[in-house]
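Single-structure report; data block below.
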Amino acid sequence: MPARRLLAHARYDVPIRLLALAAVFTTFGCGQDEDFGRAAGGAGGTGGAPSQASFSVRGTVEQVYVTHAVPGTIIEVADDSGQVVASGKADPLGSLVLRGITPGGGYAVREQSDPSNVTAPVTILGFGTSKPDQSFYAQQQLTAGVNYLTMRDGTTLAAYITLPGPPEQGPYPTIVNYSGYSPAKPGAKLGDYEAFCGALPVLCDAPDDASALIGALMGYATVGVNMRGTGCSGGAYDFFEPLQLLDGYDVIEIVAAQDWVLHNHVGMTGLSYPGISQLFVAKMQPPSLAAITPLSVIGSAHTTLVPGGILNDGFAIQWVTNVLSKAAPYAQGWEQARVDAGDTICEENQLLHDQRVDVIQKARDNPYYSAEVADPVNPSLFASDIEVPVFLACSWQDEQTGPYCFNLLSRFDNAPVKRFTVYNGVHPDGFAPQVLAEWKAFLDIYVKRAKPSMEATLTTLAPLLFKEVFKTELSFPEDRFADVPSYEAAKALFEAEPSLRVIFENGAGDEAGAPAGTFEKSWASWPPPSASARRFYFQPDGSLADEPPAVATAASVFELDPEAGQRGILAPGGQIWDPLPNYAWAQPAAGKAVVFEGAPLPQDLVMVGSGSVDLFLRSNVDDADLEVNLSEVRPDGQEVFVQSGWLRASRRKLAASSTELWPEHTQTLEDEALLVPGDWVAVRVGLTAASHVFRAGSRIRIAIDTPGDSRAEWFFDLKKFSTVARHSVAHDLARPSSLALSVVPDVAVTTPLPPCPSLRAQQCRPHVAYVNTPEP
């Protein structure tokens, strides 16, 4: 299968999980490990409860697992006083998961219609009290190929392991990839390259994750683990439930205990889902975790799913739908082959998969921010719990996980080393050479504990890899540690460097649209210490100025566009990952937006950080779905997109953490405040972070309109009204609406104006002047 077709097939269900696999070669074989899998160690926790019952039961963390019951049977759980605390019906596979059970012993699990069909007493584990002795991890032995890791409750998770060579020639630096995609899928051959498999075994045993394949080519052992309830792993799936976090802890400790693991510490790798999972595992502080390297991650589940309080029914819902559907029995497509080949563990582990939690319905049932539901999946709230070195990279305009990763950058208070790389771009740009080179150096220093180096085999393969993915030949930058005398010197050099690296004008390098920036700048922290707010006031004539308007009364009005939420920016057949995508970035229709443009800038203005569009708004209806779009109108007559922000006006209540440059909203039901038609209110819309050079002679443009027509894969479930909704934005002395940008003065720009188009994820169009509609 051609690489680009393979990527297209993986688009929504497994974003970039096969990116490198497809990238290195245009086809791959389907080699199958003949080993039927090894279950490592004995059952942990309470294991299966011995009983005279006709069904099987396992007590786990605040849950009970039931299998092998008669389908349709009502199963109930009673405490030691006989009180029924949970019940449910066995599914067509004879399985049931009962959740939310108080930890403790003495529970009876029985058939409702026949109480004599009952288990022996079952113990329910607690989240904070279930950790086993370290010997539980050390007794589990793992080898290259298919493995099953036993968790503390006895559930087994499928894993696939690759080693750079025989175990006895180790130990090897080791990385772990953990997600609900298919990291445990058995390795596959990469084309007809068997002659090279002696030097590069991974070519005949490629893991099904991009970061794992790249790591293997770099000489690392790789361990890919399917989350609970996915692939050949046991249990039932629930998006980052506590059990998944505990499993992550157990996985790290089991892997790190292996004799073939260098230093008996491991790193974690992955982009997107397996990048996000690293944050959740690291917060559990497994003692054998050396470092994490999350790429292209969310800021929180809520900001990706409900940006500004508006449901993202584009990529967010599609991603959840696909992951959930793939968590059904045999749904990832490779499990059946394992079972047919005799893998009885994988077969048994399918039984609970239909007990997965419907996270789509859960999301729709919780449209507001609820601390009980949203806090546990909000990494910005627990990043401070992470106490290992962190390498994080993300794109400001990421079309999938979104533009909110900046909310994490100031939160890793207790990480001993922080290295952040940010840039304009798209989701897979974390695998561009300008990022991977530093990613490799980071892993070498903190996982391998060696002087960073770039292996000749990898640099030789790199142009082919990058050409297949990015459609242009790219090479790794020169090894900046080549002349450093030792590991200690390299580590000291690395740690002396600023933690924040901003790559400017990604796409405007030697070849237009390729993932390479024109220059970069580093700062000690996020936001850059030199950043300050530069405010531009809306004027009645549609301009922007440094001073508030002087007129007594003035406002412009626009109508809600009910169809905008389902419109994107790509032309039919357009691919956002192409170097120069085929965009169809529509001009705002007359009367459907209000737009303000500044005067030509006398000198370059460099934005690094978030912003705020501070509006005085009134409407003829009780709410307003708002989008703000920042762009640059260039001297050559082209307009280039910079960044967006969103807000449902009824969610305008500001959190205590709000600043002049970022209006954080509480988004709780208690703080919802519908508009009173005809009344003016202050509404601050956050402009998510970006790094952009507005060149001398360019004009800053800000548009306020209906969400939509701005993203490649985000779409918006707009609020509906029984009448035509009209929203007014004031720009007068009493109500001076304005735009605040985060501007840094300490960047000297020496590169020319980038071609338009060229900047990745920053679409261009010819500039067309827009005339606002005055409020009657």
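The values are calculated or read from the model by the stated rules, or taken from the named source; none is laboratory data. Values in this document were obtained by computation on a predicted structure and should not be read as measured data. Methodologically, a virtual Cβ is constructed for each residue, glycine included, from the backbone with ideal geometry; neighbour enumeration extends over all protein chains shown. Quick note on the areas: whole protein, heavy atoms, side chains included, nothing else; ligands and nucleic acids left out. Shrake-Rupley method; radii C 1.70, N 1.55, O 1.52, S 1.80 Å.
Data overview
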quantity	calculated
Count of residues meeting criterion [out of contact with any His (no Cβ under 8 Å at 6 or more places or on another chain) and of a type outside the set (Gly, Ala, Ser)] in segment 637-661	7
The lone exception for Ser722 - which of (1) within 21 Å of Leu544 (Cα to Cα); (2) without any contact (Cβ under 8 Å) to a residue 40 or more places away in the chain it fails	(1)
Any hit, segment 273-289, residues being modelled with pLDDT under 95 and not in a loop (DSSP other than H, G, I, E, B)	no
Some residue of segment 361-370 being among the aromatic types (Phe, Trp, Tyr), out of contact with any Lys or Arg (no Cβ under 6 Å at 6 or more places or on another chain) and touching a residue at least 60 places away in the same chain (Cβ under 8 Å)	yes
Where Gly45 falls short, out of the listed (1) surrounded by 19 or more Cβ atoms within 10 Å (Cβ to Cβ); (2) at pLDDT 95 or above	(2)
Contacts under 8 angstrom Cβ, first residue in segment 466-480 being within 12 Å of Ala441 (Cβ to Cβ) and open to solvent by less than 40 Å² (accessible area, probe 1.4 Å), partner of a type outside the set (Val, Ile, Thr) and part of a helix (DSSP H, G or I), 6 or more apart	Phe476/Pro433; Phe476/Leu436; Phe476/Ala437; Phe476/Leu458; Phe476/Ala462
Residue check, Leu669 over 24 Å from the mean Cα position of the chain (by Cα), closer than 24 Å to Gly708 by Cα and either modelled with pLDDT of 95 or more or not aromatic (Phe, Trp, Tyr) (or both)	no
Of the criteria (1) open to solvent by 30 Å² or more (accessible area, probe 1.4 Å); (2) part of a loop (DSSP other than H, G, I, E, B), which one Ala328 fails	(1)
Matching entry among Leu279, Leu271 (being of a type in the set (A, V, I, L, M, F, W, C), open to solvent by less than 10 Å² (accessible area, probe 1.4 Å) and in contact with a Gly (Cβ under 6 Å, 6 or more places away or on another chain))	Leu271
Residues (open to solvent by 10 Å² or more (accessible area, probe 1.4 Å) and charged (D, E, K, R)) located in segment 721-740	Arg726, Arg735
Criterion: surrounded by 19 or more Cβ atoms within 10 Å (Cβ to Cβ) and outside any loop (DSSP other than H, G, I, E, B) - qualifying residue of Leu142, Leu213	Leu213
Considering residues of segment 116-139 that are farther than 14 Å from Pro286 by Cα and open to solvent by 90 Å² or more (accessible area, probe 1.4 Å) only, the residue nearest to the chain's Cα centre (by Cα)	Thr129
Residues of segment 440-478 classified as touching a strand residue (DSSP E or B) at 6+ places or on another chain (Cβ under 7 Å) and either more than 21 Å from Leu203 (Cβ to Cβ) or not in a helix (DSSP H, G or I) (or both), total	3
Filter result for Ala514 (part of a loop (DSSP other than H, G, I, E, B) and at pLDDT 95 or above)	yes
Given (1) buried (at least 23 other Cβ atoms within 10 Å of the Cβ); (2) of a type outside the set (A, V, I, L, M); (3) not in a helix (DSSP H, G or I), index of the condition Tyr368 fails	(1)
Hits in segment 641-659 - residues which are among the hydrophobic types (A, V, I, L, M, F, W, C), open to solvent by less than 50 Å² (accessible area, probe 1.4 Å) and more than 20 Å from Pro403 (Cβ to Cβ)	Ala649
Pairs, first within 19 Å of Pro528 (Cβ to Cβ) in segment 485-500, second of a type in the set (Ser, Thr, Tyr) and open to solvent by less than 60 Å² (accessible area, probe 1.4 Å), C-beta under 9 Å, six or more apart	Glu497/Ser522; Pro498/Ser522; Pro498/Ser525; Ser499/Ser522; Ser499/Ser525; Leu500/Thr421; Leu500/Ser522; Leu500/Ser525
Ala550, sole failed condition from (1) within 29 Å of the chain's Cα centre (by Cα); (2) over 28 Å from Cys764 (Cα atoms); (3) touching a residue at least 60 places away in the same chain (Cβ under 8 Å)	(1)
Scan of segment 381-405 for residues that are under 19 Å from Trp646 (Cα atoms) and either assigned to a loop (DSSP other than H, G, I, E, B) or open to solvent by 10 Å² or more (accessible area, probe 1.4 Å) (or both), ordered by number	Trp396, Gln397, Asp398, Glu399, Gln400, Thr401, Gly402, Pro403, Tyr404
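Let's see how each residue does on (1) touching a residue at least 40 places away in the same chain (Cβ under 8 Å); (2) open to solvent by 20 Å² or more (accessible area, probe 1.4 Å); (3) touching a strand residue (DSSP E or B) at 6+ places or on another chain (Cβ under 7 Å); (4) not polar (S, T, N, Q):
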residue	(1), (2), (3), (4)
Gly509	no, yes, no, yes
Pro515	yes, no, no, yes
Pro527	yes, yes, yes, yes
Ala533	yes, yes, yes, yes
Tyr537	yes, yes, yes, yes
Ser543	yes, yes, yes, no
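Condition check ((1) part of a loop (DSSP other than H, G, I, E, B); (2) surrounded by 15 or more Cβ atoms within 10 Å (Cβ to Cβ); (3) charged (D, E, K, R); (4) at pLDDT 95 or above) across all residues:
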position	(1), (2), (3), (4)
Pro579	yes, yes, no, yes
Val613	no, yes, no, yes
Val628	no, yes, no, yes
Asp636	yes, no, yes, yes
Glu639	no, yes, yes, yes
